[in-house]
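To start, the structure itself, in C-alpha cells.
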Amino acid sequence: MAKDTVSQEIMDILSPVLGEELAAAIIEHRKRTLKKPLTVYAARMQAREYLLTGDPVGAAEMQIFRGWQAIKCDWYLKEKAREAGSINSSTRRTTVDAARDFLSGEDHRWDAFGFPGIRRH
C-alpha cells in the first residue's frame, strides 16, 4: 500500500471519532514527535480506546499533551481521577487542623496556618 493510501485510511478511521483536525494532530504527533508512525491496525485499536473513555477528544488531547505514544481507557480515567483528587485536596483538612479545632473548641477550618483572618484558598 502507498503511504498516501495508508494515511488516508488512518484518517478515515480516526476522523469520525476525533474530527479531522484532531485526527491529523494525532497522526502528526506519532509521526514527527514520537517518530513512531501510526499503522492502520493501531489506529483501529486507538479509536476503540478513545471511544471507551466516553470523551474521545479529551483522551486524544491528553495523549498529545502528555506526549504519550498511545492511550488506554484506564490510563485516561486514572489521570482524570488523579486530577480531580488534586483539586479536591486543597480543601482537605489536615490532622493538625483537626487537632487544633478539637483542643481549642473553636472552628478554625478556614484559617490558614492558624492565623485568624488569613484564609486558605
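What the table shows:
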| item | result |
| --- | --- |
| P(r) tail fraction, region 1-93 - alpha-carbon pairs more than 24 Å apart, % | 24 |
| LEU51-LYS78 pseudo-label distance in nm [points 7 Å out on the Cα-to-Cβ vector] | 2.4 |
| Length added when fully stretched, GLN8-PHE65, from 0.36 nm per residue minus Cα-Cα | 18.1 nm |
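Values in this text are rule-based calculations from the coordinates and carry no lab data. The structure displayed is predicted, hence computed values, not measured ones. FYI the Cβ positions are ideal-geometry reconstructions off the backbone, even for glycines, and counts take in every protein chain you see.
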